[in-house]
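The values are calculated or read from the model by the stated rules, or taken from the named source; none is laboratory data. Computed from a prediction, not measured in an experiment: that's the story for all the values here. Backbone-built Cβ (ideal geometry, glycine too); neighbour counts: all protein chains shown.
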């Protein structure tokens, strides 16, 4: 049996009638024209499968050592009933994925609520996968139901990762605002210090100029005092590390609420697109 499309696969079973003791020279098998030998297939009901069609074939099997032997074959086309699996596996998975999206409408400040909701949906999805796999037929092939479980698991886990990313951005923005508040008083203090230095230097220069005039000599170091004050101010400004106006400040983080708003539209749209591709691939 090919279980790659389980539980949406169609199987073909064959019932063969053949004589092993008498060859075609002794006995001949054939189906009657009205096919009265087969009755009740239209009313047959199985737990997981439904007979969609059947056909008859007549063959002569050729064995070199023994000769030809007649064979009658009845081919059953079976289709698995999907309703049980949709109710027990597919619908709970879809509801769990939708439940994980509720966290996008919860405030970023409600950390316990969002974390507990994300972890609960991940653990519930894991439990559903384990319980469903215990009732599945043993096969080495990857079944369609396994693929859908993993799709839902990835979306549930991605919702939890989205909150971690949004919370990190919100925390980073708070730290940036705190740094900006600290650097503003520093700038004001630098301006005040520069004014004081300039006032003191101007007062000293004017006093020196008055003394020089009384003594009758030309002050040659007046411009040097101005320049020394300017050089000291530049050195003080250059010695300080780059503030929020540097390269790092240009990389503005995305607002946490904006991330949630985008997630409210992106996650359902992506899940709907994946479902369309999934059902189109496994039902056609």
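Could you say whether any residue in the range 201-214 is modelled with pLDDT of 80 or more, assigned to a helix (DSSP H, G or I) and surrounded by fewer than 14 Cβ atoms within 10 Å (Cβ to Cβ)? Taking every residue of the range 201-214 in turn, none turns out to be modelled with pLDDT of 80 or more, assigned to a helix (DSSP H, G or I) and surrounded by fewer than 14 Cβ atoms within 10 Å (Cβ to Cβ).
Matching residues to (1) closer than 25 Å to residue 269 by Cβ; (2) exposed (fewer than 15 other Cβ atoms within 10 Å of the Cβ); (3) modelled with pLDDT of 90 or more:
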| residue | (1), (2), (3) |
| --- | --- |
| 90 | yes, no, yes |
| 102 | yes, yes, yes |
| 107 | yes, yes, no |
| 118 | yes, no, yes |
| 122 | yes, no, yes |
| 133 | no, yes, no |
| 139 | no, yes, no |
| 142 | no, yes, no |
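Residue-wise test of (1) free of Cβ contacts under 8 Å to residues at least 12 places away in the same chain; (2) under 41 Å from the mean Cα position of the chain (by Cα).
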| site | (1), (2) |
| --- | --- |
| 18 | no, no |
| 55 | no, no |
| 59 | no, no |
| 62 | yes, no |
| 76 | no, no |
| 83 | yes, yes |
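Filtering the range 144-172 to residues that are within 14 Å of residue 119 (Cβ to Cβ), free of Cβ contacts under 8 Å to residues at least 24 places away in the same chain and surrounded by 15 or more Cβ atoms within 10 Å (Cβ to Cβ) leaves nothing. Has the range 57-77 got any residue that is farther than 23 Å from residue 8 by Cα, in contact with a helix residue (DSSP H, G or I) (Cβ under 7 Å, 6 or more places away or on another chain) and either surrounded by 15 or more Cβ atoms within 10 Å (Cβ to Cβ) or in the same structural domain as residue 147 (by TED's automatic domain parsing) (or both)? No, because not a single residue in the range 57-77 is farther than 23 Å from residue 8 by Cα, in contact with a helix residue (DSSP H, G or I) (Cβ under 7 Å, 6 or more places away or on another chain) and either surrounded by 15 or more Cβ atoms within 10 Å (Cβ to Cβ) or in the same structural domain as residue 147 (by TED's automatic domain parsing) (or both).
What number of residues in the range 10-55 are under 27 Å from residue 283 (Cα atoms) and out of contact with any helix residue (DSSP H, G or I) (no Cβ under 8 Å at 6 or more places or on another chain)? Qualifying residue count for the region: 20.
Each residue in the range 103-137 was checked for being without any contact (Cβ under 8 Å) to a residue 12 or more places away in the chain and either under 21 Å from the mean Cα position of the chain (by Cα) or within 17 Å of residue 162 (Cα to Cα) (or both), and 11 of them qualify.
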